[in-house]
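The values are calculated or read from the model by the stated rules, or taken from the named source; none is laboratory data. Remember, it's a predicted structure, so these values are computed and weren't measured experimentally. Glycine gets a Cβ as well: all are built from the backbone with ideal geometry, and neighbour counts include every protein chain shown.
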Amino acid sequence: MTSTDQDSNSTAVRDEWLDLLAQLTNTIKQWVQENEWLVAEQQKTITEDKLGTYTTCELHVRSPQGNLIVEPVARFVAGAEGRVDISAFPTLHRFLLIRKDGRWQLRTDSGVPWPKEWSQTTFLELAKHLVAAP
């Protein structure tokens, strides 16, 4: 594969990843707004060896129980096709949202698969429990 082919492939993978992230953050923003929680976007710059440097969006969510950050981590991670962290404040607890087999899947911070499918109901339940956990 030539350098031009690699660059072209990297650009396509990065564009696909950015589209997936945009879809995810737009969906989460909609869920949050439907529940009348506050949400703000902040730009985040990520550098990956295979994709170079790119800018994406992280979300800062204020629920009645506490604050969450939905933070893209990387497209290239071990065992998955991308990772986004969902972290709570003030508890500092975290869930991993990974892209695997063409869909988003939840993992505990220690990597244990979460038994529920990624959905609005699951996100809202996690948000409440993450900020309330001791």
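Could you check how many residues of segment 15-32 are more than 13 Å from the chain's Cα centre (by Cα) and under 17 Å from Ile69 (Cβ atoms)?
So the first thing to find is which residues in segment 15-32 are more than 13 Å from the chain's Cα centre (by Cα), and the list is 15-16, 30-32.
Those still in the list that are under 17 Å from Ile69 (Cβ atoms) too: 31-32.
Final tally of qualifying residues: 2.
Kindly list the number of the only condition in (1) free of Cβ contacts under 8 Å to residues at least 40 places away in the same chain; (2) farther than 18 Å from Leu124 by Cβ; (3) surrounded by 16 or more Cβ atoms within 10 Å (Cβ to Cβ) that fails for Ala12.
Every condition holds for Ala12 apart from (3).
Condition (residue is surrounded by 12 or more Cβ atoms within 10 Å (Cβ to Cβ), touching a helix residue (DSSP H, G or I) at 6+ places or on another chain (Cβ under 6 Å), of a type in the set (Gly, Ala, Ser) and part of a loop (DSSP other than H, G, I, E, B)) applied to segment 64-76: is it met by at least one residue?
Checked against the condition, which is being surrounded by 12 or more Cβ atoms within 10 Å (Cβ to Cβ), touching a helix residue (DSSP H, G or I) at 6+ places or on another chain (Cβ under 6 Å), of a type in the set (Gly, Ala, Ser) and part of a loop (DSSP other than H, G, I, E, B), segment 64-76 yields at least one hit.
Go through segment 95-129 and give me each residue that's in a helix (DSSP H, G or I) and in contact with a Lys or Arg (Cβ under 6 Å, 6 or more places away or on another chain). Outline the logic, then answer.
The first filter runs over segment 95-129 and keeps only residues in a helix (DSSP H, G or I), leaving 120-129.
Scanning segment 95-129 gives a single hit, Thr122.
Any idea which of (1) of a type in the set (S, T, N, Q); (2) part of a strand (DSSP E or B); (3) modelled with pLDDT under 95 is the one Thr91 doesn't satisfy?
With (1) of a type in the set (S, T, N, Q); (2) part of a strand (DSSP E or B); (3) modelled with pLDDT under 95 applied to Thr91, the lone miss is (2).
Mind listing whichever residues of segment 33-63 are surrounded by fewer than 10 Cβ atoms within 10 Å (Cβ to Cβ), part of a loop (DSSP other than H, G, I, E, B) and touching a residue at least 12 places away in the same chain (Cβ under 8 Å)? Give the steps one after another, and end with the answer.
Restricting attention to segment 33-63, the residues satisfying the condition of being surrounded by fewer than 10 Cβ atoms within 10 Å (Cβ to Cβ) are 36, 43, 45, 47, 49, 53, 55.
Then keep just the ones that are part of a loop (DSSP other than H, G, I, E, B); that gives 36, 49.
Within segment 33-63, Asp49 is the sole residue that qualifies.
Among the residues of segment 103-129, count how many are modelled with pLDDT under 95, surrounded by fewer than 16 Cβ atoms within 10 Å (Cβ to Cβ) and of a type in the set (Gly, Ala, Ser).
Total meeting the criteria: 2.
On the given criteria, is Arg62 in contact with a strand residue (DSSP E or B) (Cβ under 9 Å, 6 or more places away or on another chain), more than 16 Å from Leu124 (Cα to Cα) and basic (Lys, Arg)? Lay out the reasoning, then the answer.
On the way: in contact with a strand residue (DSSP E or B) (Cβ under 9 Å, 6 or more places away or on another chain): yes; more than 16 Å from Leu124 (Cα to Cα): no; basic (Lys, Arg): yes.
It is false that Arg62 is in contact with a strand residue (DSSP E or B) (Cβ under 9 Å, 6 or more places away or on another chain), more than 16 Å from Leu124 (Cα to Cα) and basic (Lys, Arg).
Only one residue in Ala80, Ala132 is buried (at least 16 other Cβ atoms within 10 Å of the Cβ), out of contact with any helix residue (DSSP H, G or I) (no Cβ under 9 Å at 6 or more places or on another chain), touching a residue at least 12 places away in the same chain (Cβ under 8 Å) and over 18 Å from Leu59 (Cα atoms). Which one?
Values: Ala132 fails: buried (at least 16 other Cβ atoms within 10 Å of the Cβ).
When all the criteria are applied, what remains is Ala80.
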